[in-house]
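A.B. asks: Got a structure here, written out as structure tokens. Questions coming.
The values are calculated or read from the model by the stated rules, or taken from the named source; none is laboratory data. The shown structure was predicted, so the numbers you read here are calculated from the model rather than taken from an experiment. Backbone-built Cβ (ideal geometry, glycine too); neighbour counts: all protein chains shown.
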Amino acid sequence: MIRAQGHGLVYYQFPALSAERNLRHGFFTRLGGVSHPPYASLNVGASVGDDPEAVRLNRERCFAALGFAEGQVVTPNQVHGTTVVRVGAADGGRTLEATDGLVTDEWGVALFLRFADCVPIVFYNARQQAIGLAHAGWRGVAENVAAATVEAMQTAFGSDPRDLWAGIGPCISVDQYRVGPEVIDAVRAAVPPTAPIIRRQPDGSTHLDLNAAVTAQLRACGLTQIEDAQLCTASRTDDWFSHRAENGATGRFGVVIGLR
């Protein structure tokens, strides 16, 4: 990914998307905000105990860095589910309930989700000028929110999966993600049987590869254009918030994508 700076913030972009003249996107690090520890400093999560005014200012900075106003941004309350909603200009400034994926083909609309180890997945259809953004923790992977987002773009815009580009953003890596058998069983049931999602460690523990699981699910949907950032949130808490590495006392980083 490309590391960029603007409006005092540090964020990452996929080269394939940054080259698109009418598309704006950013995976914002934890740097450049106004929140105090343990949310220092660009926390955009309103449900973690941070000062609401600090969260509002941090969000505003993220949106402005990509050229969007708050009234152009749509965001949901994320619940680790598979509900994906088509949104448009009329939804600008709204917070949707119980939603983990958003899609749109309307210009001047930005999609915004929050993360701290879960997998951000961005979608782009250059042919139809349509975008999507999904939140996939292990529960979302077990329920296949990636496929739900692809299906939503097919239903809403007639998107052919072969025309979709998908990017897997910064998330917890397999090296850092030790899980129990109940998690392994739930995710294994939702991916093709040959997908290499498990890594057993010398100490006998089992680690889950969320990147590999999401990639396998996207390929099963028919996508061939998939890019994985391979950036680990838990290994780089200097850049990213990590629920696992920071024992839950942390903020959330923002991902924004929009057409303008």
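A.B. asks: Hey, can you tell me all the residues within region 244-260 that are assigned to a loop (DSSP other than H, G, I, E, B) and closer than 24 Å to GLY132 by Cβ?
C.D. replies: Going through region 244-260, the residues assigned to a loop (DSSP other than H, G, I, E, B) turn out to be 244-252, 260.
Hits for region 244-260 are ARG252, ARG260.
A.B. asks: Let me ask you something else. Are any of the residues in region 214-234 exposed (fewer than 15 other Cβ atoms within 10 Å of the Cβ), in contact (Cβ under 8 Å) with a residue 24 or more places away in the chain and more than 25 Å from VAL122 (Cβ to Cβ)?
C.D. replies: There is no residue in region 214-234 that is exposed (fewer than 15 other Cβ atoms within 10 Å of the Cβ), in contact (Cβ under 8 Å) with a residue 24 or more places away in the chain and more than 25 Å from VAL122 (Cβ to Cβ).
A.B. asks: With the requirement that a residue be in contact with a helix residue (DSSP H, G or I) (Cβ under 6 Å, 6 or more places away or on another chain), closer than 28 Å to TRP165 by Cα and either modelled with pLDDT of 95 or more or among the charged types (D, E, K, R) (or both), what does region 3-41 give you?
C.D. replies: Matches in region 3-41: LEU9, LEU23, HIS25, PHE28.
A.B. asks: Consider SER235 carefully, then state whether it is farther than 30 Å from PRO37 by Cβ, among the hydroxyl-bearing types (Ser, Thr, Tyr) and assigned to a loop (DSSP other than H, G, I, E, B).
C.D. replies: Numbers: farther than 30 Å from PRO37 by Cβ: no; among the hydroxyl-bearing types (Ser, Thr, Tyr): yes; assigned to a loop (DSSP other than H, G, I, E, B): yes.
No, not satisfied.
A.B. asks: Still on this structure: Read through the list (1) of a type outside the set (Phe, Trp, Tyr); (2) outside any strand (DSSP E or B); (3) touching a Cys at 6+ places or on another chain (Cβ under 9 Å); (4) within 24 Å of LEU66 (Cβ to Cβ), then give the number of the only condition that ALA156 fails.
C.D. replies: ALA156 satisfies all of (1) of a type outside the set (Phe, Trp, Tyr); (2) outside any strand (DSSP E or B); (3) touching a Cys at 6+ places or on another chain (Cβ under 9 Å); (4) within 24 Å of LEU66 (Cβ to Cβ) except (3).
A.B. asks: Quick one: in region 163-204, of everything that is at pLDDT below 95 and of a type in the set (S, T, N, Q), which residue is surrounded by the fewest Cβ atoms within 10 Å (Cβ to Cβ)?
C.D. replies: THR194
A.B. asks: Checking the condition touching a strand residue (DSSP E or B) at 6+ places or on another chain (Cβ under 6 Å), under 17 Å from GLY169 (Cβ atoms) and not basic (Lys, Arg), which residue from ASP239, ASP228 passes?
C.D. replies: Result: ASP228 is the single residue among ASP239, ASP228 that is touching a strand residue (DSSP E or B) at 6+ places or on another chain (Cβ under 6 Å), under 17 Å from GLY169 (Cβ atoms) and not basic (Lys, Arg).
A.B. asks: Can you tell me which residues in region 90-129 are of a type in the set (Ser, Thr, Tyr) and over 24 Å from ARG162 (Cα atoms)? Steps first, answer last, please.
C.D. replies: Step one: list which residues in region 90-129 are of a type in the set (Ser, Thr, Tyr), which gives 95, 99, 104, 124.
Correct list: THR95, THR99.
A.B. asks: List every residue pair whose Cβ atoms sit under 6 Å apart, with the two residues 6 or more apart in sequence or on different chains, where the first one lies in region 1-20 and is under 19 Å from LEU31 (Cβ atoms) and in contact (Cβ under 8 Å) with a residue 60 or more places away in the chain and the second, anywhere, is of a type outside the set (A, V, I, L, M) and surrounded by fewer than 16 Cβ atoms within 10 Å (Cβ to Cβ).
C.D. replies: Listed by first residue and then by second, the contacts come to TYR12/ARG3.
A.B. asks: So for region 1-14 (the condition being crowded, with 20+ Cβ neighbours inside 10 Å, of a type in the set (Gly, Ala, Ser) and within 25 Å of GLU246 (Cβ to Cβ)), does at least one residue qualify?
C.D. replies: Within region 1-14, none of the residues are crowded, with 20+ Cβ neighbours inside 10 Å, of a type in the set (Gly, Ala, Ser) and within 25 Å of GLU246 (Cβ to Cβ).
A.B. asks: Where in region 1-47 are there strands (runs of 3 or more DSSP E), lying fully within it, with 3 or more residues that are in contact with a Gly (Cβ under 8 Å, 6 or more places away or on another chain)?
C.D. replies: Working: elements: 2-6, 9-13, 23-28.
Of the strands (runs of 3 or more DSSP E) lying wholly inside region 1-47, those with at least 3 residues that are in contact with a Gly (Cβ under 8 Å, 6 or more places away or on another chain) span 9-13, 23-28.
A.B. asks: Further question: So, in region 193-231, exactly how many residues are in a strand (DSSP E or B) and more than 18 Å from LEU133 (Cβ to Cβ)?
C.D. replies: Of the residues in region 193-231, the ones in a strand (DSSP E or B) are 198-200, 206-208, 225-228.
Right, trim to more than 18 Å from LEU133 (Cβ to Cβ) and you get 198-200, 206-208.
The qualifying residues number 6.
A.B. asks: Restricting the first residue to region 136-154 and requiring it to be farther than 19 Å from PRO170 by Cβ, which pairs with a second residue that is of a type in the set (Phe, Trp, Tyr) meet a Cβ separation below 9 Å and a spacing of at least six or different chains?
C.D. replies: VAL150/PHE123; MET153/PHE123
For every residue, the table says whether it meets (1) modelled with pLDDT of 95 or more; (2) surrounded by fewer than 24 Cβ atoms within 10 Å (Cβ to Cβ); (3) on the phi > 0 side of the Ramachandran plot; (4) in contact with a Pro (Cβ under 8 Å, 6 or more places away or on another chain).
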| residue | (1), (2), (3), (4) |
| --- | --- |
| ALA65 | yes, yes, no, no |
| GLU70 | yes, yes, no, no |
| ASN77 | yes, yes, no, no |
| GLY92 | yes, yes, no, no |
| VAL119 | yes, no, no, no |
| ALA134 | yes, no, no, yes |
